[in-house]
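The values are calculated or read from the model by the stated rules, or taken from the named source; none is laboratory data. Being a predicted model, the structure only gives us computed values, none of them experimental. Here Cβ is always computed from backbone atoms with ideal geometry, including for glycine, and neighbour counts include all displayed protein chains. For accessibility, only protein heavy atoms count, side chains too; no ligands or nucleic acids. Shrake-Rupley method; radii C 1.70, N 1.55, O 1.52, S 1.80 Å.
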Amino acid sequence: MIILAATPIGNLGDASRRLIEALTNAEVIASEDTRTTIHLMRALGIDNRPRLIPLHEHNESEKAAEIVELARDADVLVLSDAGMPAISDPGFPLVSAAAAAGVTVTALPGPSAVLTALAVSGLPTDRFSFEGFLPRKGRVAYFRGLAREERTMVFFESPNRLPAALADLATALGDDRRAVVCRELTKMYEEVARGTAAELAAKFKDGARGEICLVVEGAPPATADLPTAVAYVLALVADGARLKEASTEVAEQTGLSKRELYEAALRSK
């Protein structure tokens, strides 16, 4: 079978008994970075010398078939550098190929930056979405595409791009949208910074260090009625916006139909 194993996201003490046992007995390990795997095994005092197969974003599609065939006759342990494989890390093409081939896939659960950040954020946890890494470009439009998302959202971001990302968040979703920057989770310099998008943009304007998770409050449920929404469209037009653009913006904010808003605004004019 294929065994997806979660590894510590920072604190070595989070390595589970099952992970240690699996590393001790593994004959084949497919890992995101074989050097990281060797370092982890040494740090845990494991002297096993399994066959190591690199499995990363540049080769996982072509390696998937090979690993699936290996897993027909022996267990293959799959590791990412930190956390659970296949969650914004290599693994999804492999699991998909294994499922299609009828090869068993199981997991050794453990540390997760996504769930850890969500749990400590102080934002609602009953419903959430994980959005992965933020795009390098076009973040304002990207955030605006999530303007109606009512669930708490969790993102990964580079420390170097964090200031720009927070500024774009404030621009797209408003200065008052609540957010949390979780930095270096489970490590010595762990930091959980809570505030509005504007406050966090100011706090991290000079950048940050370490691994970053960004947790963002979801939008309030849309409650606008059509006449109120049309009045808002007309107000935006009065401020210089084109009717089509104003209708699109209000539709995104309220959940109402863009065409219905456009046509109602035309009638009103």
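Miscellaneous remarks
- Gain in span if fully extended, H56 to M1, counting 0.36 nm per residue against the direct Cα distance: 17.8 nm
- For the range 172-260, alpha-carbon Rg relative to the globular expectation (2.2 N^0.38 Å, N residues): 1.49
- Residue-span extension gain [V120 to A74] - 0.36 nm each, minus C-alpha spacing: 12.7 nm
- Normalised by the number of residues in the range 154-269, the mean separation of alpha-carbon contacts (under 8 Å, six or more apart) gives a relative contact order of 24 percent.
- Here the spin labels are modelled as points 7 Å beyond Cα on the Cα-Cβ line, and at M188 and E21 they lie 3.3 nm apart.
- Of the Cα atoms belonging to the chain, the radius of gyration and Dmax stand at 23.1, 77 Å.
- Computed label-point distance, nm, for sites K258 and V140 using a 7 Å Cα→Cβ extension: 1.8 nm
- Eligible lysines near K244 by straight Cα distance, threshold 24 Å, same-chain separation 8 or greater: K258, K269
- Annotation: the antiparallel percentage among DSSP beta bridges lying fully within the chain is about 45.
- Per residue solvent-accessible surface (Å²) - the chain, probe of 1.4 Å: 53 Å²
- Placing +1 on the Cβ of every Lys and Arg and -1 on the Cβ of every Asp and Glu, with nothing else charged, gives the range 137-248 a dipole about its Cα centre of roughly 280 debye.
- Take the Cβ atoms of I38 and D176, set R0 to 41 Å, and the FRET efficiency comes out at 0.30.
- Comparing Cα centroids, the range 210-265 and the range 1-21 end up 45 angstrom apart.
- Portion, in percent, of the accessible area of the chain that falls on carbon or sulfur, probe 1.4 Å: 49 percent
- Relative contact order, whole percent, for the range 155-194 stands at 25, derived from Cα pairs under 8 Å and 6 or more residues apart.
- Relative contact order, percent, the range 90-225 [alpha-carbon distance under 8 Å, six or more residues apart]: 28 percent
- Each Lys or Arg adds one and each Asp or Glu takes one away; over the other residues whose Cβ falls under 14 Å from the Cβ of A201, this sums to +1.
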